[in-house]
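One structure, pasted below without further comment.
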Amino acid sequence: MTRHRRHVLAAGGLAASVALLVSCASGAASNTADGSTIGAASPLPPEGEVLAVGTILDHAGEVELCLGPVAESYPPQCDGLPIADWTWEGVDGFETSGDVTWGAYAVRGTYDGAAFTTVGPPTMLALYDPMIVPDPTAGEPGAGDDATLQRLQEELPEVLGDAYLSSSPENGRLRVDVVWDDGTWQSSVDEAYGDDVVVIRSALRPVD
């Protein structure tokens, strides 16, 4: 079963996410159920451009890049990273209902830990040829049993905060999608839970 929570970055949530993502400068950490800590060295924002694949949702001029699950309503609903410079001019592949406009795209840009700034025009997902991302597990089974993976699936949304997007158990591991990771989150969960239990997957990927 996949577990997710909506990625909230409004008002107080935005401040919390910034504090979480730069907590390596402040030494903040989150306690896990077994007493371990995660977040003492949270990832800093990427230095260069990143690639994102998701839904762009514009609600009355407030535009978000939704990297996690999108509610299957009409119009759809999601919470994501604010986009300050978005324009629909020259963009194809979107729908509009009332004051909501949305579409699914691959976009390049920069991420400062709170907001996403686009660089260049987006690509409709229907026309996008995604990069093949190697599986770090090489298909080998993980070390987690069902009870452990269920516990971690319930625990990690609170531990990772606004960085968390969704998770699902698979072949002895819990695969966890986060907004951004440079390897820091992966090292933290390996230290807290042991190797071959949790796989962190970054939604934002560096552009070579």
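The values are calculated or read from the model by the stated rules, or taken from the named source; none is laboratory data. Just so it is clear, the model here is predicted, and its values are computed rather than measured. Heads up, the Cβs are rebuilt from the backbone with ideal geometry, glycines too, and the neighbour counts pull from every protein chain shown. In case anyone asks, the SASA skips ligands and DNA or RNA and just uses the protein heavy atoms, side chains included. Shrake-Rupley method; radii C 1.70, N 1.55, O 1.52, S 1.80 Å.
I'd like the residue in the range 75-95 that is open to solvent by 20 Å² or more (accessible area, probe 1.4 Å) and part of a strand (DSSP E or B) and, out of all such residues, is nearest to Ala126 (Cα to Cα).
Step by step, filter the range 75-95, then rank; the result is Glu95.
Turning to a different aspect of this structure: List the strands (runs of 3 or more DSSP E) inside the range 116-208, counting only whole elements, that have at least 3 residues being modelled with pLDDT of 95 or more, buried (at least 22 other Cβ atoms within 10 Å of the Cβ) and aliphatic (A, V, I, L, M).
Numbers: elements: 116-118, 164-170, 173-178, 198-202.
Answer list for the range 116-208: 173-178.
Would you be able to say whether some residue in the range 78-87 is of a type in the set (A, V, I, L, M, F, W, C) and in contact with a helix residue (DSSP H, G or I) (Cβ under 8 Å, 6 or more places away or on another chain)? Working first, answer last.
Of the residues in the range 78-87, the ones of a type in the set (A, V, I, L, M, F, W, C) are 78, 81, 83-84, 86.
Next, only the ones that are in contact with a helix residue (DSSP H, G or I) (Cβ under 8 Å, 6 or more places away or on another chain) stay: none.
Looking for residues that are of a type in the set (A, V, I, L, M, F, W, C) and in contact with a helix residue (DSSP H, G or I) (Cβ under 8 Å, 6 or more places away or on another chain), one finds none in the range 78-87, hence no.
Here is a follow-up. Glu72 - would you say it is at pLDDT 95 or above and open to solvent by 60 Å² or more (accessible area, probe 1.4 Å)?
On the way: at pLDDT 95 or above: no; open to solvent by 60 Å² or more (accessible area, probe 1.4 Å): yes.
Against the criterion (at pLDDT 95 or above and open to solvent by 60 Å² or more (accessible area, probe 1.4 Å)), Glu72 does not qualify.
What pairs come up if the first residue lies in the range 111-133 and is within 15 Å of Gly80 (Cβ to Cβ), the second is loosely packed, with under 13 Cβ neighbours inside 10 Å and among the small types (Gly, Ala, Ser), and their beta carbons are under 7 Å apart, counting only those six or more places apart or on different chains?
Ala115/Ala84; Thr117/Ala84
Select from the range 101-115 the residues that are open to solvent by less than 50 Å² (accessible area, probe 1.4 Å) and out of contact with any helix residue (DSSP H, G or I) (no Cβ under 7 Å at 6 or more places or on another chain) and write down the one among them that is farthest from Val178 (Cα to Cα).
Selected residue: Thr101.
If Gly98 satisfies all but one of (1) in contact with a Gly (Cβ under 9 Å, 6 or more places away or on another chain); (2) open to solvent by 40 Å² or more (accessible area, probe 1.4 Å), what's the number of the condition it fails?
(1)
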